[in-house]
Amino acid sequence: MLTLPPAVQELKSALNRLPGIGPRSAERIALHLVQSKQDAVDQLIRSVKEAKDKVSLCETCGGLTETQPCPLCSNSQRQQECICVVVKPTDILTLEKSGVQGTVSRPRRPDFADERSGSRGSAY
Ligand SMILES: [Zn+2]
């Protein structure tokens, strides 16, 4: 039985660890990548590295951003006193796409439980 070369198997395994990528999709993507032009693969690598290097969590709200504070927190036109608490930073994107206007969305931080128990001071 023909098996994947070890490097392709390793790439498949790495892709399979990504959310929403099952083993069949991982194999299809791995095979596509190893057969792609070098420029296309290099561009993908640069894009992944650039996103990882540039994107961080907003120090104010915890949302994904390339600037501190994020565009939502630095927008004086938004209602600063009305806060929507969400579970994950990506939930802010979902709210924004839904057209919710005029609120600052703040994801629940991992230490939120500590804040609720009173062990930490918080503006939340
Ligand atoms: Zn923010």
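Nothing in this text is a laboratory measurement; each read-out follows from the coordinates by a stated rule. All values derive from a computational prediction rather than experimental measurement.
Some points to look at:
- Dimensions of the stretch 1-111 from C-alpha coordinates, computed as largest minus smallest value along each principal axis and given longest first, are 63, 28, 26 Å.
- Fully extended contour minus Cα-Cα distance, from S13 to S98, at 0.36 nm per residue: 27.1 nm
- All C-alpha pair distances within the stretch 6-54, sorted into 5 Å bins from zero, spread as 5, 22, 22, 27, 20, 5, 0 percent across the bins.
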